[in-house]
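The values are calculated or read from the model by the stated rules, or taken from the named source; none is laboratory data. Everything numeric here is computed off the predicted structure, so don't read it as measured data. Note that we place each Cβ from the backbone using ideal geometry, even for glycine, and neighbour counts take in every protein chain shown. Note: accessible area is taken over every heavy atom of the protein model, side chains too, but ligands, DNA and RNA are not part of it. Shrake-Rupley method; radii C 1.70, N 1.55, O 1.52, S 1.80 Å.
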Amino acid sequence: MTTTTPEEVRRVACIGAGVIGGGWVAHFLARGYDVTAWDPAPDAESKLRRLVEAAWPALTQLGLADGASQDRLTVTATLEEAVADAQFVQESAPEKLELKRDLLAELDAATPAGVVIASSTSGYPMTDMQTTAATPGRLVVGHPFNPPYLIPLVEVVGGERTDAEAVAWASRFYDVAGKSVITMKSEVPGFIANRLQEALWREALHMVANGEATVQEIDDSITEGPGLRWAFMGPMLTFALAGGEGGMAHMLDHFGPSLKSPWTRLEAPELDKKLYDAVVAGCDEEADGRTIADLVAERDQGVIDVLRATGRLNGGTK
């Protein structure tokens, strides 16, 4: 592994400069890094610079790091030039397994020894992508959300041949670079957030296909309903509050049977004691000493803040 610590990184290479790759470029520039980028498309540089310029006002509102500048971006003619001096590499090529596999092997061959290489893949396990790389131990998944310069989350996980040290290094680097990091214990297709998004998306498509709801109604049901809570409190703690003072345990006792109701086309898991205990304990752990009353107050204030921020408080408009 590299002897460079995450805190010492100054130069990042971004391979692939589309919406996701370009978003990563904007993020790293805003955090004060020197960024080299490469994309095979003939008009890649002009599109990338327009993307970064368009993102800069939002990044300025969020707060730029000392020394942050669009002038610290260099677009190279070859992949090899882009990674020659890189201390971290973020790959964001199109979501095609063979392409990812070949590109990661190529990056592995060109990138200085020990430097961690992360893939922005939306769902492929690294185990499936690292098969032809000479040194697969430094290859990890660093899955962002669009746009990477605004949405904090990045999910980090290695493959079967990834070194645990590389996963830990990448997680720490993303943290230093201003991201909110979830380091997954094991691979699962789609990771965490995409699997949750996909469940909602599939049910939405079922409803549209069956004439049960319009696209507008589906979107409004989220933006005017649970989406307001999800901005600051996830579905598990939100449901815990539905149990009142009894928390998640009471909620499961009361609403557990509805898991067998036809509320979704997804097959529900069996609510056995192991699952019951794991969900209750997980909510208690996440609450971290906060009482139900504390969480209710936090939720209520959060909804007010979101409504105010989106111009919907006191009859405001967006």
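Send over a whole-number figure in Å² for the accessible area per residue of the chain, probe 1.4 Å.
I get 53 Å² per residue for this part.
If you roll a 1.4 angstrom probe over the protein chains with everything in place, what fraction of the accessible area of segment 193-287 belongs to carbon and sulfur, to the nearest %?
60
With a cut-off of 8 Å between alpha carbons and a minimum separation of six or more residues, what is the relative contact order of the chain in percent?
About 13 percent, as a whole number.
Give me the percent relative contact order of segment 6-183, please, defined on Cα pairs under 8 angstrom at least 6 residues apart.
Relative CO of segment 6-183 lands at 22 percent.
With charges only on Cβ, +1 for K and R and -1 for D and E, what is the dipole size of the chain about its Cα centre, in debye, rounded to 20?
400
Using the Cα centre of segment 193-287 as the reference point, and only Cβ charges (+1 on K/R, -1 on D/E), how large is the resulting charge dipole? Debye, rounded to the nearest 20.
The dipole magnitude comes to about 200 debye.
If packing is taken as the average number of other Cβ atoms within 10 Å across a peptide's residues, how do 84-90, 37-43 rank, most packed first?
By packing density, highest mean first, the sequence is 84-90, 37-43.
Starting from the Cα of residue 274, draw a straight line to each of the aspartates and glutamates and keep only those under 20 Å, dropping any in the same chain fewer than 8 residues away.
253, 284, 285, 286
Measuring from centroid to centroid over Cα atoms, what is the spacing of segment 282-309 and segment 102-150 in Å?
37
From the square roots a ≥ b ≥ c of the eigenvalues of the alpha-carbon gyration tensor of segment 188-318, which class results: rounded (a/c under 1.5), prolate (a/b over b/c), or oblate? List each step's numbers first, then the result.
Working: a/c = 1.90, a/b = 1.06, b/c = 1.79.
Oblate.
How would the chain be classified by its alpha-carbon gyration tensor: rounded, prolate or oblate, with rounded meaning a/c under 1.5 and the a/b versus b/c comparison settling the rest?
prolate
If you take the beta carbon distance between residue 216 and residue 109 as r and set R0 to 41 Å, what does 1/(1 + (r/R0)^6) give as a FRET efficiency, to the nearest 0.05?
E between residue 216 and residue 109, to the nearest 0.05, is 0.25.
Under a point spin-label approximation (7 Å from Cα along Cα-to-Cβ), what is the residue 175-residue 298 distance to one decimal in nm?
2.0
Would you mind checking 100/179; 100/260; 179/260 for any pair whose Cα atoms are more than 32 angstrom apart?
In this structure, 100/260; 179/260 lie more than 32 Å apart at Cα.
Have a look at 116, 257, 84 and report the one farthest towards the positive end of the charge dipole of the chain, computed about the Cα centre with Cβ charges (Lys/Arg +1, Asp/Glu -1).
Ranked along the dipole, the leading option is 84.
At a 1.4 Å probe radius, carbon and sulfur cover how many percent of the accessible area of segment 6-183?
52
Placing unit charges on C-beta atoms (Lys and Arg positive, Asp and Glu negative, everything else neutral), compute the dipole magnitude of segment 1-145 about its Cα centre in debye, rounded to 20.
Charge dipole, segment 1-145, about its Cα centre: 280 debye, nearest 20.
Applying 1/(1 + (r/R0)^6) with R0 = 51 Å to the Cβ-Cβ distance of residue 161 and residue 69, what FRET efficiency is obtained, to the nearest 0.05?
Result of the calculation: an efficiency of 0.85.
What are the aspartates and glutamates whose alpha-carbon lies under 13 Å from the alpha-carbon of residue 47, with same-chain residues fewer than 8 places away excluded?
Straight-distance partners of residue 47: 39.
Using only Cα atoms, find the angle between the long axis of helix 273-287 and the longest principal axis of the chain, and express it within 0 to 90 degrees, rounded to the nearest 10.
That helix lies at roughly 70 degrees to the long axis.
Please name which of 228, 201, 182 has its Cα lying farthest along the dipole of the chain towards the positive end, using unit charges on Cβ (Lys, Arg +1; Asp, Glu -1) and the Cα centre as origin.
Among 228, 201, 182, the one farthest towards the positive end of the dipole of the chain is 228.
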